[in-house]
Amino acid sequence: MESAGTARSPRKNLPVEARRELLTQAALRVMKRDGVGAATTRAICAEAGMPHGAFHYCFRSKRELYAALLTTDIDVDLSAVWPEVDPGAPPADNLRTLFRAYWETVVADPDAQRVLTDLTGLALREPELSGLPAWEHRSYLERTAENLDRFAAEAHVEYARGTAEMAEMVLTVFSGATTLWLSHRDDDAARETLDRYAVLLAGLVRPRS
């Protein structure tokens, strides 16, 4: 039978970034299963199959871990959707395609969305985590703006408002839609809301001059 020490030994030679990723995913599993409050450094390391000291070797604080967890939601990969954006299609159709692709990443793991919502709430209450919600918001805005710029390039369009303003509007709607969906879990209602918003936002999109 394999001992705990033997089971952990292959991870001793992992680079720091690989260990950080393993600990981040372990923290998410603990939080999804037992709640954010149960994610002590010992519980996270045990879940990852690492000695307790590994946590402070990879993260300077829990704040840094929480930032890494929030980044997993910010860094959504939309690469598969860009080939589906058709420059000849109405802007509302292309926006609907983009919104639905992002939304599928939300509904794919509702427990992860719940954890991330709980983390943001915790950060608003804990002094040591002050500044983290603002950092999260800025990061979301930057990534959303990048996706909107990419969308404009792929669809051959431009916006009637600045990209930053458009990103704020999109982020506000998705944040609200996610919170409501976590409450009622009505997939059809959530998708219908986003489809309607795609039509509204298309009013601020025009062919590139």
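Fewest neighbouring Cβ atoms within 10 Å first, the residues Leu23, Leu180 line up as Leu180, Leu23. Scaled against the 2.2 N^0.38 Å expected of a compact globular protein of N residues, the Cα radius of gyration of segment 167-209 reads 1.34. For Arg196 and Asp118, the difference between the fully extended length at 0.36 nm per residue and the C-alpha to C-alpha distance is 25.3 nm. Charged side chains reduced to their Cβ positions (Lys and Arg at +1, Asp and Glu at -1) give the chain a dipole of some 780 debye around its Cα centre.
For a Förster distance of 41 Å, can you work out the FRET efficiency between the beta-carbons of Asp188 and Ala46, rounded to the nearest 0.05? E(calc), rounded to 0.05, equals 0.55.
The stretch between Ile74 and Glu165 holds 30.9 nm of extra length on full extension. This uses 0.36 nm per residue minus the Cα-Cα distance.
Residues Ile74, Ile44, arranged from fewest to most other Cβ atoms within 10 angstrom of their Cβ, appear as Ile74, Ile44.
When Cα extents along the principal axes in Å is computed from the coordinates, the matching label among (1) 48, 42, 25; (2) 64, 34, 31; (3) 87, 41, 28 is (2).
Taking a virtual spin label 7 Å from the Cα of Arg100 along the C-beta vector, which residues in segment 172-207 bring their backbone nitrogen under 11 Å of it? Under cut-off, by backbone N: 191-192, 195.
By the count of other C-beta atoms within 10 Å, a proxy for reagent exposure, Leu171, Leu132 are ordered fewest to most as Leu171, Leu132.
The residue among Ala134, Gly162, Tyr197 whose Cα reaches farthest toward the positive pole of the charge dipole of segment 106-209, with charges on the beta-carbon of Lys, Arg, Asp and Glu, is Gly162. Relative contact order, percent, of the chain when contacts are C-alpha pairs under 8 Å separated by at least 6 residues? The normalised contact order for the chain reaches 22 percent.
Only the coordinates and a few stated rules stand behind these numbers; no lab work does. Just so it is clear, the structure is predicted and the values come from calculations on it, not from any experiment. Because the Cβ atoms are built from the backbone with ideal geometry, glycine has one as well, and the counts that use them run over all protein chains shown.
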